[in-house]
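Notes for the one structure printed next.
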Amino acid sequence: MINLTINGEPHELDVDPTTPLLWVIREQAGLNGTKFGCGIAQCGACTVHLNGSPIRSCRTPVQAVAGKEITTIEGVGSIDGELHPVQQAWIDEQVPQCGYCQSGQVMSAVALLARNPSPSDRDIDLAMSGNVCRCGTYPRIRRGIKKAAIAMNGAADSGEKING
Ligand code: FES
């Protein structure tokens with residue numbers, strides 16, 4: 001049995017310990033917001049947080065996260081259903097196109113803002129470089145992150161304009 005916490009809920013799982021975390025999240029926990037993209041940790045669609053840091057769940061064996069805290073896209077908002085500021089900014093800026101990559105994009109953006117409340121364009125590009133968007137929504141992702149930063153910090157001192 002493997003124990004882990006997903007979005008604050010404890011799970012005791014009877015799974016092969018080499019099962020990728022992605023499939024445990026989707027099939028055992030029933031949380032389908034995290035997507036299968038490339039399956040080789042190259043596209044970022046499967047991004048979740050491990051103790052607050054982004055990881056690629058498609059290539060993470062569940063045994064490697066036993067006893068740890070996993071957060072998925074379903075768990076980034078508040079427990080009363082309020083969206084995370086990044087999610088709200090994604091809506092306001094109409095970031096998604098097809099949307100397939102976007103839960104992974106949001107997870108990477110949330111982790112970026114947790115460690116860097118006022119990221120520059122370069123900081124954003126570096127932090128988001130592992131998340132591929134086949135629709136090319138990168139300019140809107142950048143705007144969304146800046147908008148969320150302002151909402152979270154009143155970050156008028158970010159030195160960047162929303163449309164920059
Ligand atoms: Fe379509 Fe990113 S919105 S792949």
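The values are calculated or read from the model by the stated rules, or taken from the named source; none is laboratory data. The model shown is predicted, which means the values in this text are computed figures rather than measured ones. Every residue, glycine as well, gets a Cβ built from its backbone with ideal geometry; the counts of neighbours run over all protein chains shown. Heavy atoms of the whole protein, side chains included, go into the accessibility calculation; ligands, DNA and RNA do not. Shrake-Rupley method; radii C 1.70, N 1.55, O 1.52, S 1.80 Å.
Taken over the range 74-98, the criterion of being within 17 Å of residue 128 (Cβ to Cβ), within 16 Å of the ligand (Cβ to nearest atom) and either among the polar types (S, T, N, Q) or open to solvent by less than 30 Å² (accessible area, probe 1.4 Å) (or both) is satisfied by 86, 87, 89, 90, 95, 97.
Restricting the range 116-137 to residues that are surrounded by fewer than 14 Cβ atoms within 10 Å (Cβ to Cβ) and in a helix (DSSP H, G or I) leaves a set whose member that is nearest to the ligand (Cβ to nearest atom) is 125.
Could you check the range 95-145 and list, in sequence order, the residues that are among the acidic types (Asp, Glu) and closer than 17 Å to residue 54 by Cβ? Within the range 95-145, 123, 125 meet the criteria.
Are there any pairs, at least 6 apart or on different chains, whose C-beta atoms fall under 7 Å, with the first in the range 95-119 and closer than 18 Å to residue 71 by Cα and touching a residue at least 12 places away in the same chain (Cβ under 8 Å) and the second near the ligand (Cβ under 10 Å from one of its atoms) and part of a helix (DSSP H, G or I), and if so, which? Filtered contacts from the range 95-119: 105/141. Test residue 132 against the criterion of being under 18 Å from residue 36 (Cα atoms) and modelled with pLDDT of 95 or more, and give yes or no. In short, yes.
Among the residues of the range 37-63, write down those that are surrounded by 15 or more Cβ atoms within 10 Å (Cβ to Cβ), part of a loop (DSSP other than H, G, I, E, B), out of contact with any helix residue (DSSP H, G or I) (no Cβ under 6 Å at 6 or more places or on another chain) and hydrophobic (A, V, I, L, M, F, W, C). If you could, list the steps in order and put the result at the bottom.
Quick first cut of the range 37-63, residues surrounded by 15 or more Cβ atoms within 10 Å (Cβ to Cβ) only: 37, 41, 43-50, 54-62.
Next cut, part of a loop (DSSP other than H, G, I, E, B) only: 37, 41, 43-46, 60.
With the extra rule that they be out of contact with any helix residue (DSSP H, G or I) (no Cβ under 6 Å at 6 or more places or on another chain), the set shrinks to 37, 43.
The one that is surrounded by 15 or more Cβ atoms within 10 Å (Cβ to Cβ), part of a loop (DSSP other than H, G, I, E, B), out of contact with any helix residue (DSSP H, G or I) (no Cβ under 6 Å at 6 or more places or on another chain) and hydrophobic (A, V, I, L, M, F, W, C): 43.
Of all residues in the range 44-56, those that are over 17 Å from residue 132 (Cβ atoms) have Cβ atoms under 7 Å from Cβ atoms of residues that are basic (Lys, Arg), 6 or more apart or on another chain, in 50/68; 51/68. Scanning the range 99-115 for residues that are open to solvent by 40 Å² or more (accessible area, probe 1.4 Å) and not in a helix (DSSP H, G or I) yields a single hit, 100. Of all the residues in the range 120-147, those that are among the acidic types (Asp, Glu) and in contact (Cβ under 8 Å) with a residue 12 or more places away in the chain number 2.
Is it the case that residue 31 is away from the ligand (no atom under 14 Å from the Cβ), under 29 Å from residue 147 (Cβ atoms), free of Cβ contacts under 8 Å to residues at least 24 places away in the same chain and within 15 Å of the chain's Cα centre (by Cα)? Please lay out each step first, then the result.
On the way: away from the ligand (no atom under 14 Å from the Cβ): yes; under 29 Å from residue 147 (Cβ atoms): yes; free of Cβ contacts under 8 Å to residues at least 24 places away in the same chain: no; within 15 Å of the chain's Cα centre (by Cα): yes.
No: the conditions fail for residue 31.
Checked across the range 89-97, the condition of being under 13 Å from the mean Cα position of the chain (by Cα) and aromatic (Phe, Trp, Tyr) holds for at least one residue.
Out of all the residues in the range 69-98, which are part of a loop (DSSP other than H, G, I, E, B) and β-branched (Val, Ile, Thr)? Of everything in the range 69-98, those that are part of a loop (DSSP other than H, G, I, E, B) and β-branched (Val, Ile, Thr) turn out to be 72, 76, 79, 95.
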